[in-house]
Amino acid sequence: MGLEPLFQAWSYFRRRKFRQCSDLCSQLLEGPTGEQEPDSEYTVFQAAWSLKTRALTEMVYVDEIDMDQEGIAEMMLDENAIAQVARPGTSLKLLGTSQGGGPSPAVRPVTQSGRPITGFVRPSTQSGQPSTVEQAIKTPRTALTARPITSASGRYIRLGTASMLTNPDGPFINLSRLNLSKYAQKPKLAKALFEYIFHHENDVKNALDLAALATEHAQFKDWWWKVQIGKCYYRLGLYREAEKQFKSALKQQDMVDTILYLAKVYLRLDQPVTALNLFKQGLDRFPGEVTLICGIARIYEEMNNISSAAEYYKDVLKQDNTHVEAIACIGSNHFYSDQPEIALRFYRRLLQMGVYNCQLFNNLGLCCFYAQQYDMTLSSFERALFLAENEEETADVWYNLGHVAVARALLQTASSLAPHMYEPHFNFAILSEKVGDLQRSYTAAQKSEEAFPGHVDTQQLIKQLKQHFAML
């Protein structure tokens, strides 16, 4: 005996089989009269309609809590800057030296903006983001981490494309014909409809209108709607309005997610100290909350306070000893603190946990080399090359092999695979200059300068080579 259709659709949803759930709900919604909106007196239509909106939403859902990578447009067209010259230690955009006695940026590899490369790739710590409009224009579009369009807009465009793929026969709900005030009076349907409009259709304006009507119907006592209004304001770039909504929601209901959303606003406003205070206040109310501790560690890492970041990452591991980001960042910190043996233990822990990718074996190879475990070095790099998924990852492995073998041929291979990276060109130029091949050294140095115009060592090398050529 088969299951009742609505119960079967709910079972599909619980098992994350959203396509089957959506198809079965469509059959229920057709009904004897072809009704497509939840106006029927039969509650089964309302349930099927709500369940289908949730299934379509889950198919394209992206967590909004993680900090977005700030694109070139957000950096150059920022209308929320309070001061052009911020005090040291109060801004994420201010280039500065390492704080708190951590590894020096001169030793630890840095991004083009001067910030140390983290041990874990996050949306806000991509190293290839161009810092000026000129660099964004010159950057090749084939580079994986250098997109001239903004990261936020690119992600939303992809979400819109994905939403069309989930319903190829056309939109499930015609938003232009919806009576939002009617749905705002039905809280259970309104919440599912809001998430469908916000995540699936990416229509922030209609989502904001629905949220405003719903919170007014709830007499401004429902904290959930205030959070959704804040998310809409954030998506529209109205950060101060979003801040007011999130603060109001926190007064009504203390939630970790709301704290994370509010901290996200402060980080976009370039107020890391305020975000830190918010996280620490949140820890007083939610002791041991991993996401809050990890948020503090990320901010300290962005502010170049590597030692404080490492301490908070250790606190994360006290609460969750399988936290991949904390393990990777602590391992990276030990490696750049001249402790490759300790770093090797953390990376092996990741391997035991099932992390199996090119980056991990690349780091294992470097740790084995500097820990003088040469028998494992080449085998780790070979595994990393086998697992590389694109040319940039392959170039990174060959670049490290070039350091291990001190071979110009390997560095030349890395530079040919990823011409937008300045490191292989610069190291090839240095090695060529050491062996007396000055012409090839000068050519490689010019390519390094094109990839990273602000690299001081490259400029000094070019100056030395020009002086040498002038004496000939």
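No lab work stands behind these numbers, since they all come straight from the coordinates. All values reported here derive from a predicted model rather than from experimental measurement. Cβ atoms come from the backbone with ideal geometry, glycine included; neighbour counts cover every protein chain shown.
Things worth noting here:
- Distance in nm between pseudo-label sites at Lys182 and Ser307 (7 Å out along the Cβ direction from Cα): 6.5
- Among residues other than Ala55 with Cβ under 13 Å from its Cβ, the summed charge is +4 (Lys and Arg +1, Asp and Glu -1).
- Working note: Karplus 6.51/-1.76/1.60 with θ = phi - 60° gives the stretch 324-338 the couplings 5, 4, 5, 4, 5, 5, 5, x, 4, 5, 5, 4, 7, 9, 6 Hz, where Gly and Pro are set to x.
- Highest mean first, the peptides 202-212, 416-426 sorted by other C-beta atoms within 10 Å per residue fall in the order 416-426, 202-212.
- Label-point separation in nm, Glu30 to Asn390, each point 7 Å along Cα→Cβ: 4.2
- With an a/c value of 1.5 or above and a/b not larger than b/c for the gyration tensor axes a ≥ b ≥ c computed over the alpha-carbon atoms, the stretch 167-237 is described as oblate.
- In a reduced charge model with +1 at each Lys and Arg Cβ and -1 at each Asp and Glu Cβ, the stretch 276-434 shows a dipole moment near 320 debye about its Cα centre.
- Cα-projected label distance for Asp375 with Gln252, points at 7 Å along beta-carbon direction, nm: 6.5
- Distribution of pairwise C-alpha distances over the stretch 293-411, 10 Å bins, in %: 14, 40, 33, 12, 1
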